[in-house]
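The values are calculated or read from the model by the stated rules, or taken from the named source; none is laboratory data. In this text the structure is predicted, and so the values were computed from the model without any measurement. Here the Cβ positions follow ideal geometry from the backbone for every residue, glycine too, while neighbour counts run over all protein chains shown. To get the accessible areas, we keep the full protein, side chains included, count just its heavy atoms, and leave off ligands, DNA and RNA. Shrake-Rupley method; radii C 1.70, N 1.55, O 1.52, S 1.80 Å.
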Amino acid sequence: MLKNTLRSVALAALLAGTAGAALAQDIMLRATANSNEQDEDYDGLVVFKNYVENASNGAIGVEIFMGTQLCAKGDECLAGVADGTIDIYISTSGGAAGLFPYIQVLDLPYLMSDDRVAEEVLTRTDFTAKLRAMALADSDDKIRLMTIGNTGGWRNYANTQRRVAAPGDLAGLKMRTVPADLPQTLATTLGASPTPIPWPELFTSLQTGVVEGTANGITDIMSMKFTDAGIKYLTLDGHSYMGAFWWMGNDRFKSLTPEQQQIVVDGFAALQQATFASPKRKEIQAYADFRAAGGEIYVPTAEEKAAFKAAVNPVFDWFKANVKGGPEVLDAFTAAVTSAEASVSAARAGDLN
């Protein structure tokens, strides 16, 4: 009798597990990031997966593919999002600029001063909603911008040759850029020689002298071991926020029930917060490791940073004249930054009372 009862309990448990697995497979979201498991993108995806699977009680599963398992380049990955073979993809602005050139607005230099302002812009203004509407219109309602997080902190100039303390110090340096117009224009404006190099090829390109510098956050520099490829000098000018654009197939999103859509949206909000926090923690060890590898870190003075800011003014004129939707998006972005600065300033003043 006892054996029969135990068998019944075991069978019930097995059937329950099988039913749960079947339920989870009814809706399986395939998410990919062209990075590795040490990256902020992976941290965000793990948080997203955990939230969505738990909040949906197993009805929605999330399968994570890191690296180039599903696709290798931004245009290829976004094509997969549009045709439904990929459900979720994260790109930098450069990775999606071919389809949505105006999202390069986040790469315009020295528009946002710090993390508090950037995070206020991306969570409490309507800037992301505006980009979402534009991207949907430009993709025939196929590609939906879910949220904008962070992927590596702030872009800083790093190179193998010399300290960069003034715009003129970049003159002649062969700087790696993504294959997008804005970063190449920025490099040229500062007198550098822009060289588009795919991310997976950057280590070898630095090692062999094909390029002499790059503009990245410290966590990316150290996770990719660029010090082993010759990077010795890092200037913390923080010229642009390394935005992470999280895309989802709109047909896939619309196929969910309203309750499931809310779970997914909330999951992306949790993902966003995770990507905001991850670089702040990881950069502590990354800076220590950079110094231990013999690297020099230079922080520009206020006057030196003002000189950098003045030197890049032509880039804004270029953006407005050459990027589709540029003037409209730049106006929206600067308005969002102004609003965010006011909110952050008020919060800071209140905290000091």
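Output yes when any residue across the range 62-71 is crowded, with 23+ Cβ neighbours inside 10 Å, in contact with a strand residue (DSSP E or B) (Cβ under 6 Å, 6 or more places away or on another chain), outside any loop (DSSP other than H, G, I, E, B) and modelled with pLDDT of 95 or more, and no when none is. Yes: one or more hits.
Across the range 72-114, the qualifying residues are those that are hydroxyl-bearing (S, T, Y) and not in a helix (DSSP H, G or I), and the one among them that is surrounded by the most Cβ atoms within 10 Å (Cβ to Cβ) is Y89. Taking every residue in the range 125-146 that is over 21 Å from Q272 (Cα atoms) and touching a residue at least 12 places away in the same chain (Cβ under 8 Å) and pairing it with any residue that is aliphatic (A, V, I, L, M) and open to solvent by 60 Å² or more (accessible area, probe 1.4 Å), at least 6 positions away or on another chain, the pairs with Cβ-Cβ distances below 7 Å are D138/L99; S139/L99.
On the stretch given as the range 279-319, residues that are assigned to a helix (DSSP H, G or I) and loosely packed, with under 14 Cβ neighbours inside 10 Å total 14. The condition of being within 30 Å of E212 (Cα to Cα) and hydroxyl-bearing (S, T, Y) does not hold for T147.
Is it the case that N322 is at pLDDT below 95 and either open to solvent by 40 Å² or more (accessible area, probe 1.4 Å) or closer than 28 Å to M224 by Cα (or both)? For N322, the condition - at pLDDT below 95 and either open to solvent by 40 Å² or more (accessible area, probe 1.4 Å) or closer than 28 Å to M224 by Cα (or both) - is not met. Is the range 307-329 home to any residue that is aromatic (F, W, Y), in contact (Cβ under 8 Å) with a residue 24 or more places away in the chain and in contact with a strand residue (DSSP E or B) (Cβ under 8 Å, 6 or more places away or on another chain)? Yes; the residues of the range 307-329 include at least one that is aromatic (F, W, Y), in contact (Cβ under 8 Å) with a residue 24 or more places away in the chain and in contact with a strand residue (DSSP E or B) (Cβ under 8 Å, 6 or more places away or on another chain). Here's a check for you: in the range 192-230, which residue that is in contact with a Leu (Cβ under 8 Å, 6 or more places away or on another chain) and within 19 Å of T151 (Cβ to Cβ) is most open to solvent (accessible area, probe 1.4 Å)? So the residue we want is M224. Please verify whether the range 131-142 includes one or more residues that are closer than 30 Å to A306 by Cα and modelled with pLDDT under 95. Among the residues of the range 131-142, not one is closer than 30 Å to A306 by Cα and modelled with pLDDT under 95, which makes the answer no.
Scanning the range 253-272 for residues that are of a type in the set (S, T, N, Q) and more than 22 Å from the chain's Cα centre (by Cα), we see that the one that is surrounded by the fewest Cβ atoms within 10 Å (Cβ to Cβ) is T257. The strands (runs of 3 or more DSSP E) found wholly in the range 153-223 include none carrying at least 3 residues that are of a type in the set (K, R) and within 17 Å of G295 (Cβ to Cβ).
Pick from the range 34-56 the residues that are polar (S, T, N, Q) and at pLDDT 95 or above: which of them is farthest from S223 (Cα to Cα)? Ranking the candidates gives S56 first. Checked against (1) outside any helix (DSSP H, G or I); (2) open to solvent by 40 Å² or more (accessible area, probe 1.4 Å); (3) of a type outside the set (F, W, Y); (4) out of contact with any helix residue (DSSP H, G or I) (no Cβ under 6 Å at 6 or more places or on another chain), T235 passes all but a single condition, namely (2).
Residue check: A342 meets all listed conditions (1) open to solvent by 40 Å² or more (accessible area, probe 1.4 Å); (2) in contact (Cβ under 8 Å) with a residue 40 or more places away in the chain but one, namely (2).
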